[in-house]
Structure formats: C-alpha cells, structure tokens
Amino acid sequence: MCTPQGIIEHLGCMVFDEAVKAVTKAGKYVCHYRTNLDNLQREMTYLEDRRKIIEREVKEAHDRGEEIEEDVARWRTDTNTMKIYVYLMRQSTCSSLNVKWRYRLSKQAEEKIEDVKKLAQESHFDKISHPKPPPPELEFPSAENYVHLDSRTPIFEAIVGALKDPNVKMIGVYGLGGVGKTTLVEKVAKKMLDEGTFKQVPLVAVSKDHNVKDIQKKLADKLNLTLDATKDEKGKLWNKFKNGEKYLVILDDIWEEVDLKAIGIPVMEGNIGCKVLLTSRKEDLLRITMKADRNFPIAELREGEGWNLFKKKMGNTIESRPEIDSLAREVCRKCKGLPVAINALGAALKDRPYHTWKNALDKLERHMLTQIDGINRSVWASLWISYDMLPSLDAQSCFLLCCLFAEDAKISIDELTRHCMARSLLAQNPRTFDEARTAVCTVVDVLKSASLLSTEDHETIVKIHDVIRDVGISIAHEKEAFLVDHGALQWPRNPTNGPLYRAMSLSFKNVKQLPNGLVYPQLETLMVDNSELSDLEVPDNFFNGMMQLTVLTFTRMHMRRLPSSLAKLTNLRMLYLNRCELEDIAVLKDLKSNLEVLSLRGSNIEALPLEIGQLTSLRVLDLQDCNKLKVIPRGVTSNLSSLEELYFSENFDKWGATTDEQQDTSTRENLNLEELRRSLSTGKLITLHIYIPDVMLLPKEDLIFVNLKRFKISVGSIFNHSEKLIYGRCMLKLEGIQLRNEFIPLVDKAEVVVLHEIEGLKVFHERGVGNRFLDLKYLKVTSCVEDLEYLLGDSKSSVQSHELHRLQSFNNLTVLIIENCKSKYLFPPTTAKGLVHLEELEVRSCKIMEGIVGFERRNDEDELTSEVKFSKLKQLKLEDLPNLLSFYAQKEKMETIMGSSSSCAQPLFNEKVIFPILEILIIDGLGNIIKIWEKQSIAGLKEQGFFCPLTNLKVSRCSKLMHVFPSNMHPLLKNLKFLEVKYCETMKGIAEFEGEIDEDGLRNEVCFSKLRILILLSL
C-alpha cells in the first residue's frame, strides 16, 4: 500500500543503495589508483611510439617542402595536448594517505585511457602531406612586373568583385591580341591567392590547337596531381575540385568552345566546385557559347597612357632628345594603344638615331597593309619592325627558332643551344657547347630587351607571347620558308609555287600513319609531336626524300624499331626521340660520322644498345627521365671520345662494380664509375648529371670533378621533391658520407648544396674560406653532428680580415636551411654581414645553439657595437632551439657575489640585428626566450621602419615567454595579416601594457588594421 510512510521508506532504501554504489565505485577508484595510472601510462607509451613515427614522417615531409594534411596537424595538436595533460597529472601524484587525490587521479586516468586509445587508433593516416603549390611570384611571373594603368584599375576591381560574388560562377575577359588580358588576369589570380579567397588558382594557357589531355596535364601540374597520360583522368581532377575547398580555374586564350566537364572542371554549385575565368579574343565565344555570367572588355590604352608606357620603356631617350619627340609620338600612335606593340617598338627604338626613327615610321605605314587573322595590323607592323631592327642575324635566327616551338611552350636555353649548334646559326662558330650556351644566353638577353621573349620560372627558361609568335611564324614563312602547323589533319606537301620548306614543326590530330614517298630536298629541320598519343606509324622509307635533314625531333611517337631510312641521314647532327615508345635503336650506329646530339629523354627504353658506343662524334647524350632504363653496357661512354655533356636518368642506379667487393651490390656487366673516371680525366666532359646510390661504388682513385662547369650530382640519396623545384647550374647532394677530397671542387663551384649526415663540415670555415662558395645560392645542412663553434664562417679569419670576408664568401646565398646540427652559433658577425642576398633562413632542432649570430671575443670593439643587417631577408623560421639565448647572442658577463659569472636575459631581437623587409616570422620551441623584442629598442626600429613589412607571425611552444609584443611595438606591425600564438604556458597577454595610459598620455590599445586571421590556442 502506497502510504506516505511506505514511500519514505522506499526512497530511503533507494538513496541508501545509490550511496553504497557510489561509495563502492569511489572505493574502487581509490583501490585501483595505481593500476589505472599504470594502464594509462601503458596506453600513453603506445601513443608516444605512434607519435614518434608520425613526427618522423612529418619531418621528412617538411624536408621535402610539403604541406602537412589538416587531419594530421589536428592529431598532432590533440596528441601533444594529451601528452602535456598526462604529464601534469602524473606530476600531481601524492602520498598514498591522501585518499581524495587518489580518487580524483584514478577517475581521471580511467576516463583518459579511452581518449588515448582513440588517438592511437586515429594515427594510421592514408597521407601525411601533399606538395605545396608554387608561390604566387613563380606561379604568375608577369604579375610581379605589372605596370599600374589607371584605365585598368576599374576593370581589375570589377573582376575581383565578380569573383567574390556568390552568384557569379564563370567570368569572361576579352580583347584584342596583345592588349594585356593575360597580364591582368595573372594580377587578379595573385590577389585572390594573397587574400585567401581561393585555395588554389591554376592558370592554364589553352591556345588554338588545344586538346583535352594537354589541358588536364597542365592543370594537374599546377595542382600537384599525378595523372596517367594514357588514361582519361577527368575523374581525378573532378574529385579534387569537389573536395570542399574553393578553387578558381583560369583558362587563358581560348579560341573555340571548351568542354569543361570533359576536362574534369565542375562549375561551382553553392560553395563546392570551381569558379572559372576565361580569356579570349572573341566576345561571342564567351558570352554566347561558353555562357559566362559576366564579361569584361579590355580596351586598348588611351593615347596618354600609351605614351606614358612608351616613355617608360624608352627610359630618358625622349626627354634628352627633343628632336625626336614628334616622331616618337607618331610611332606610339601607330601602336594603337596595344601594350605588346608599345613594349616591342619602345625596346627596338631605344637610344636609336633620328634616321632610324624615320625609317621605322615609314616601315610601319607600309606593313600596315598586311593582315593576319586575329592580330591587329598595328601589332603586326610593330613586331615586324622590332624583328627587322634586331642587331644581329644570330638574334633574328634565334627568334624565328623560338617560333617553331608549341604555343606557350617553356623553351630551355639548353634546347636552343643544341638547335643553334646543329644548324650552325651562330656567327662566331663556337667550338664547344659551353661556348655556344654563352652565345645563346647573350642573344636571348637581346631578345628579352627587345620584349620579344620573356623569362619563365627561372633564367634558363624563356617563353614567347602568343601574338609575337604568330607574327614570328608569318615572318619565318615569308623569309625562311618555315611551316608551323600544330593541329594538322594531314601531312603537308611542299608549295607548288614559292620556296621549298626548310623547316617544319608539326603536331597532328587523328593522323594514324605518316605517308610514303615524301620529298623535301631543302628540309633541314623537322619537329613532329604526336600530341594525341595515337599509334602513329613511321614507314621504313620515310626519310628517303630528306637527305639535307640536320635536326630531327620526334616526341611521343610509338616506334618499336626505328625506320631503316634514318641511317641514310648522313647530315643529321641532332636527334631527339623524347617521350617515345622505343625498343630497337641499334640503327643509330650508322649516324656515327655527324651525329652530335642524341636525346632519349623521357622514353621508355630499358637497355641502351652497345652500338651507341660507335657514335664517336657524339657530344651530348641526354638520358634524363628514362625511368625504365636498367642496362648501359660497359664500354659505351669510354668510346664516346668527343662527349662534352652527359645526362643520366636521376634514378639510374644499376652501376657496375669497380672492385670484387662490390660484385654483390652491383650489376656486373653495366657501366661502372671507373669508366666514368676515365671520361672525366680527359677534360672534355664538362656537364654531368648523375646519381650514385652508394659511396662504395666509387673507384679507388678519385673522380676528377675539377673540370666540370655544370653538374647535378647526388650521392647516397636523390634530390627530393622540394629540392627539385630549385634550379641551379651546379647542384650537389651528399648523404651519409665523409666529405672526401674529390667532392671539394664540387662544393666550391655549386649553386645548390644539400648535405645530410655528413662528416667534414669544417670545409665551410677552413682553407681560405673568404675566396670560396662565391656561387652558392642554396645551402641545406641537416643531421651533421660535428662539434663546431660556428657552422659557417671562421671567427679567426673574420677578425683578421673583415672586409674581404664580407665581400666574398657566401655573398650570393639566398636560402639557408640548417637542421639538427651541433654548433654553438651559426656564423660570426662578419659572415652574417656578407649575406647581402639572403632571402630565407630556417634553423631547426639545433639543441646546443645559443645564437644565430654569435661573438664572444672582447678584443674587437667594432664587432661588439656594429649592426648586422639582413637587407633582403623575407622569411625567418626558428624552431626547436631550446638553448637559444638571442638571435645575436652575446654573453654579457655579470659578476656575482661569489665571483662567478652568468648570462643576463636578452631579447630574441635586439637593436643590433636589422630586418628591413621581413614578411614571415615563425618562432617555435624556443624554451629560453623571455621576450621577443625589447621595449627600449623599439623607438629606433620605428624610425627606420624595421619589421613594418611583417605579414605572418607564428609563436608556439615558448615556455618562458610572457608577452608577444611590448606595448609600443604594434604600430610597427601595420601590415600584419596572420597571427598565431599557441602552447606558451606562461603567456600573460599578447601585448604587454604597464597601465591603461602610455608615456604620451594616450590610452593603451592595440590595433592591427589588416589582421585577417588570429589563432590563440592552449595559452
């Protein structure tokens, strides 16, 4: 019966039961206190093992210059937080008599065990990292040289606004060829990347004769994707663009409808997919066919703007010579406001006499009668004049040669040099390829000055504007009987009236077989690209009617056996079989009398025939990217007595033995390094690209590298992905070896040096260091554990000869990366003062390092008081340096009562070290640093604007740091866009204030007007 008394008794029993359960559970926690903690520690030990594996993989990814996946970064953060939590919890263990503490810790341990297990389970990632996209200055080179034009500003801002409009999915930009469409959209792309509006902005030139696979490959390269050229890979691109990030795809210079779905480009729906920006010369194509949401016309420059651009190109030519002013204005008017014509004519007429200006104006009016489809007559006339006024036949020949390459091709100086040598285009008749390369570089500089060529990613690659190329093709056809047909539907025949073809550059669409019986008696150059990757067959007698052929380049052809008629080309001096399907190439032995250049680059050949050794006139052998090549018979290179340049595939490692001990680790019948030593000893071989997987393969006698002028040599390990992105004329990578004497000449000459686990680093401050490393631009030193006071430079020689050292050693160094090295300081002040071109400095995991710049001597007052200025440093990373006292460390001795001395606390940056253009600063794991900047030194920094360009600042794991900025620092950081501070346990505040009012009587407050991202974590 539910009486009040019964209810009370029942409730009492329930309460009692729950109380007993709670007491029992609490007792269980207290009794199992040690067991729970031990179980947690066991799980933490396993998690720590997993963390070390992940950290090692992350370090390897950082070494490759790759970006860590976001889920991996989150896991690392969560794991580090858990590690700190468990460590603090174990530090809190107390006497067994303290029951309350035992209960609390035991309960926490049991709860955390599941969290630790979950973290360990999540540690098995599919991918740790991915390659970083190239920086905007490399992705969009012309944006760096963008000339501000008032008439372009409203269009630029309108395009940017449209791209930010969620209702706009596709944008078109149209205008005449040469009006500046590409330059403008490159500037837009750079702004979108800088602002973080889009994750990536791949820009791809489409051109007239586009095919889907070419566009897919170009997109994949920009996005760091790998595609199989033999398959339709649109799905891979589609999934990339649908991964939830925002992308902008720019398709430049389209001439006809482009099927975006066939390529793998999903137009944005909501926040998923791509926005697309198209450029074209045809408005209707964009508006009607492609159905762009917004279209923007790029008009010719107004007369005043055109004149200003013309004068800028001319320098002070017009102001200093008023007699040509009226002529110059008339010439500029003829350019019709088109930048490509203005730049070309301005460059051609700069510093020229009056009669040359008059003659140019007459020619302009005459050439205005010519019309090329899609090109303004003014542009045609201007570019013809620019070509006509080139100062030498070398320059004219090289310009027309560039027009034979595909539209938007990246043309290497090496390839131009080989063409020029094979066709004897250079007037000075260079004796060696090295001399020829110098001559070609000089000619290319002339063409760049004339605005007919431009530099691409680095100085060894050039490009030609599509409009300039179109005009060049027309000139070459008229003056030199050249034929360029990319996208041909059938093989061309010689013209019935007019000169016979001397050079042909062809790529085909849907052509299955090359014809028989072709006769081209004057043909000297034939370039064929099977761009559709079809099984294009070459008849056996194909070359019978081309007896004058001196240059033959076949690209992406399928030829199991080379046609026998190839052997009849007795004048052939250069043969390219790049990216071809090849098996039997033994017929090449019959070309031994004249063949000087042979390139099999990127072909699938597996074995080089012994007959190659009969090509005794061969001066260049290029086997780069022949990734299936396994056999190079012994005796091949030693018979090539004229060889000047030798390029092995970077992953070729099947070297023959030079000693009996090496027989088990080598290929017995293959080429060995003793044979290469003999080739090097002649002194003719001056260019060498080679990978030596094991130092044990080296011959007993030293390889004679001293005569090499260009090289890419790696020993112990190949260049990784990030290192391959760096270009150097001379590149050296050594891993896990003693720095032997034979390598010293390479270190001295190299522009790029990568050293890992190397003994012998004293080379960097011994043997007259002031006269060495004059060409060194990129230096990376990792895991080299010799005990050195200074890693670079020598304090003794510094004191003896400041000025000599400052002006010479390491003078051209632009990137310096140091990791896991045992040195007290990186360099002394005199070495630091010589780093006048240093742009990036990274120092990581150097456990005993006390200063980047260090000077302990007291006998040189000038060094103690002088400044060290890094005038070009843009990026500085200091990571995991637990003993670092200061960037410019000096042990200021303070006498104590006991007569001993100690180091007083120093800020990371003091007034003696100056960074006028620093943009990125990363500080991580500097456990000894109490403050980054000293308040008293800020006034001097303000006057000179130091640290003002800083845009990104990251501070983490600085256990003694209490503030990031002193109170008077923030006005200097007016360009700061990104600020991240995390894992600084003693941090009291981001900015340090001593009161609400500053010394000027104003209210203390912080204002970062450009800050876009602020991350504060675990402070």
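The values are calculated or read from the model by the stated rules, or taken from the named source; none is laboratory data. Small disclaimer: the values here were computed from a predicted structure and weren't measured. Virtual Cβ from ideal backbone geometry, glycine too; neighbours counted across all protein chains shown. For the accessible areas, the whole protein counts, side chains as well, though only heavy atoms, and no ligand, DNA or RNA atoms are used. Shrake-Rupley method; radii C 1.70, N 1.55, O 1.52, S 1.80 Å.
Tally up the residues in the stretch 197-223 that are under 24 Å from Glu67 (Cα atoms), open to solvent by less than 50 Å² (accessible area, probe 1.4 Å) and in a loop (DSSP other than H, G, I, E, B), please. Total meeting the criteria: 4.
Scanning the stretch 494-510 for residues that are open to solvent by less than 20 Å² (accessible area, probe 1.4 Å) and either in a loop (DSSP other than H, G, I, E, B) or closer than 24 Å to Ser603 by Cα (or both) yields Met504, Ser505, Leu506, Ser507, Phe508. Residue count for the stretch 642-657, restricted to those that are farther than 16 Å from Glu674 by Cβ and among the aromatic types (Phe, Trp, Tyr): 2.
If I filter the stretch 181-199 for residues that are farther than 28 Å from Asp470 by Cα and among the small types (Gly, Ala, Ser), do I get at least one hit? Within the stretch 181-199, one or more residues are farther than 28 Å from Asp470 by Cα and among the small types (Gly, Ala, Ser). For the stretch 684-711, the set of residues classified as at pLDDT below 90, part of a loop (DSSP other than H, G, I, E, B) and open to solvent by less than 30 Å² (accessible area, probe 1.4 Å) consists of Leu698, Pro699, Leu703, listed by residue number. Here Cys821 clears all of (1) in contact with a Gly (Cβ under 9 Å, 6 or more places away or on another chain); (2) surrounded by 22 or more Cβ atoms within 10 Å (Cβ to Cβ); (3) at pLDDT below 90; (4) not in a strand (DSSP E or B) except the condition numbered (1). Screening Asn859, Asn928, Asn952, Asn910 for residues that are in contact with a helix residue (DSSP H, G or I) (Cβ under 9 Å, 6 or more places away or on another chain), open to solvent by 20 Å² or more (accessible area, probe 1.4 Å) and at pLDDT 80 or above leaves exactly one candidate, Asn910. In the stretch 962-977, of all residues being open to solvent by less than 30 Å² (accessible area, probe 1.4 Å) and assigned to a strand (DSSP E or B), the one that is modelled with the highest pLDDT corresponds to Val964.
Take the conditions under 28 Å from the mean Cα position of the chain (by Cα), at negative phi and surrounded by fewer than 16 Cβ atoms within 10 Å (Cβ to Cβ) and apply them to His465. Does it pass? Answer is no for this residue. Annotation: Ile473 fulfils all but one of (1) modelled with pLDDT of 90 or more; (2) open to solvent by less than 20 Å² (accessible area, probe 1.4 Å); the unmet one is (2). Filtered by the rule that a residue be part of a loop (DSSP other than H, G, I, E, B), in contact (Cβ under 8 Å) with a residue 60 or more places away in the chain and more than 30 Å from Gly315 (Cβ to Cβ), the stretch 416-462 gives Arg423, Thr432.
Could you tell me which residue of the stretch 537-552 is nearest to Ala406 (Cα to Cα), considering only residues that are β-branched (Val, Ile, Thr) and open to solvent by 10 Å² or more (accessible area, probe 1.4 Å)? Checked the stretch 537-552; the qualifying residue nearest to Ala406 (Cα to Cα) is Thr550.
Every residue, every condition in (1) under 33 Å from the mean Cα position of the chain (by Cα); (2) crowded, with 17+ Cβ neighbours inside 10 Å, yes or no:
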{"position": "Arg579", "(1), (2)": "yes, yes"}
{"position": "Ala586", "(1), (2)": "no, no"}
{"position": "Lys589", "(1), (2)": "no, no"}
{"position": "Leu595", "(1), (2)": "no, yes"}
{"position": "Arg601", "(1), (2)": "yes, yes"}
{"position": "Ile605", "(1), (2)": "yes, yes"}
{"position": "Leu615", "(1), (2)": "no, yes"}
{"position": "Arg619", "(1), (2)": "yes, yes"}
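Residues in the stretch 286-336 that are assigned to a loop (DSSP other than H, G, I, E, B) and at pLDDT 85 or above: Met290, Lys291, Ala292, Asp293, Ile298, Ala299, Glu300, Leu301, Arg302. Scanning the stretch 229-270 for residues that are closer than 30 Å to Asp470 by Cβ, charged (D, E, K, R) and touching a Ser or Thr at 6+ places or on another chain (Cβ under 9 Å) turns up Asp252, Asp253, Glu256, Glu257. Among the residues making up the stretch 712-731, those that are closer than 22 Å to Lys700 by Cβ and assigned to a strand (DSSP E or B) are Ile713, Ser714, Val715.
The single residue among Lys312, Lys291 that is at positive phi and open to solvent by 80 Å² or more (accessible area, probe 1.4 Å) turns out to be Lys291.
Among the conditions (1) surrounded by fewer than 16 Cβ atoms within 10 Å (Cβ to Cβ); (2) more than 28 Å from the chain's Cα centre (by Cα); (3) part of a loop (DSSP other than H, G, I, E, B), the only one that Asn243 does not satisfy is (2).
Between a residue in the stretch 600-620 that is over 23 Å from Asn571 (Cα atoms) and assigned to a loop (DSSP other than H, G, I, E, B) and any residue that is open to solvent by 30 Å² or more (accessible area, probe 1.4 Å) and at pLDDT 95 or above, which pairs come within a Cβ distance under 6 Å, given they are 6 or more apart or on different chains? Partner pairs satisfying both residue conditions: none exist. Considering (1) in contact with an Asp or Glu (Cβ under 6 Å, 6 or more places away or on another chain); (2) among the hydrophobic types (A, V, I, L, M, F, W, C); (3) open to solvent by 30 Å² or more (accessible area, probe 1.4 Å), the lone condition that Ala406 does not fulfil carries the number (1).
Counting only strands (runs of 3 or more DSSP E) wholly contained in the stretch 536-596, the ones carrying 1 or more residues that are of a type in the set (Lys, Arg) and within 20 Å of Leu608 (Cβ to Cβ) occupy 558-561. The residues on offer are Arg76, Arg64, Arg90, and the sole one that is out of contact with any strand residue (DSSP E or B) (no Cβ under 7 Å at 6 or more places or on another chain) and modelled with pLDDT of 80 or more is Arg76. Determine which single condition Ile254 fails, assuming it passes every other condition in (1) more than 16 Å from Met170 (Cα to Cα); (2) open to solvent by less than 50 Å² (accessible area, probe 1.4 Å). Going through (1) more than 16 Å from Met170 (Cα to Cα); (2) open to solvent by less than 50 Å² (accessible area, probe 1.4 Å) one by one, Ile254 breaks only (1). A residue that is more than 24 Å from the chain's Cα centre (by Cα), at pLDDT below 95 and of a type in the set (Lys, Arg) occurs somewhere in the stretch 427-435. For the stretch 511-536, a tally of residues being more than 36 Å from the chain's Cα centre (by Cα) and open to solvent by 30 Å² or more (accessible area, probe 1.4 Å) returns 9. Thr667 meets the stated requirement of being at pLDDT below 85 and either assigned by the TED database to the domain that holds Lys59 or open to solvent by 30 Å² or more (accessible area, probe 1.4 Å) (or both).
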